[in-house]
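What follows is a short report on a single structure.
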Amino acid sequence: MVELAKGVRRFRELHRAVPGISQRMLTLTTRRLCRDGLVERTAYATIPPQVEYRLTPMGRSLAEAVQRLADWSREHKDAMEDARARWDAGHPGEAE
């Protein structure tokens, strides 16, 4: 989703952009995202076959929400770390 939020990607581009993912897992993941209506798959009858993926409007909506959550998390990271330190100081032995 994160990579597709940047624009249309071919399968190989996605595979290179996601470190450590196997071709099979990427295939399963893109298939599920298509099934959920978040990603659109376009296959071109070329040799070798080319396949492109893009976010659907619903997928873009989800990507925007995830981006807002990531932005919020970065913005509040220091405050959360401070809160954890205060909690841990007042609750010895209860920290994770």
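The values are calculated or read from the model by the stated rules, or taken from the named source; none is laboratory data. Everything numeric here is computed off the predicted structure, so don't read it as measured data. Please note: Cβ atoms are built from the backbone with ideal geometry, for glycine as well, and neighbour counts cover all protein chains shown. Surface areas here come from the heavy atoms of the whole protein model, side chains and all, with no ligands, DNA or RNA. Shrake-Rupley method; radii C 1.70, N 1.55, O 1.52, S 1.80 Å.
What the table shows:
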item: Some residue of the range 50-63 being modelled with pLDDT under 95, open to solvent by less than 100 Å² (accessible area, probe 1.4 Å) and more than 16 Å from E3 (Cα to Cα); result: yes
item: The range 64-80: number of residues that are loosely packed, with under 10 Cβ neighbours inside 10 Å and modelled with pLDDT of 95 or more; result: 3
item: Members of the range 1-28 found to be exposed (fewer than 12 other Cβ atoms within 10 Å of the Cβ) and either in a loop (DSSP other than H, G, I, E, B) or among the hydroxyl-bearing types (S, T, Y) (or both), listed by number; result: V2, G7, P19, G20, S22
item: Number of the condition not met by E64 [criteria: (1) touching a strand residue (DSSP E or B) at 6+ places or on another chain (Cβ under 7 Å); (2) part of a helix (DSSP H, G or I); (3) not aliphatic (A, V, I, L, M)]; result: (1)
item: Yes/no for R41 being open to solvent by 90 Å² or more (accessible area, probe 1.4 Å), in contact with a strand residue (DSSP E or B) (Cβ under 9 Å, 6 or more places away or on another chain) and at pLDDT 95 or above; result: yes
item: Single residue of the range 82-95 satisfying the filter (surrounded by 10 or more Cβ atoms within 10 Å (Cβ to Cβ) and of a type in the set (D, E)) that is nearest to the chain's Cα centre (by Cα); result: D82
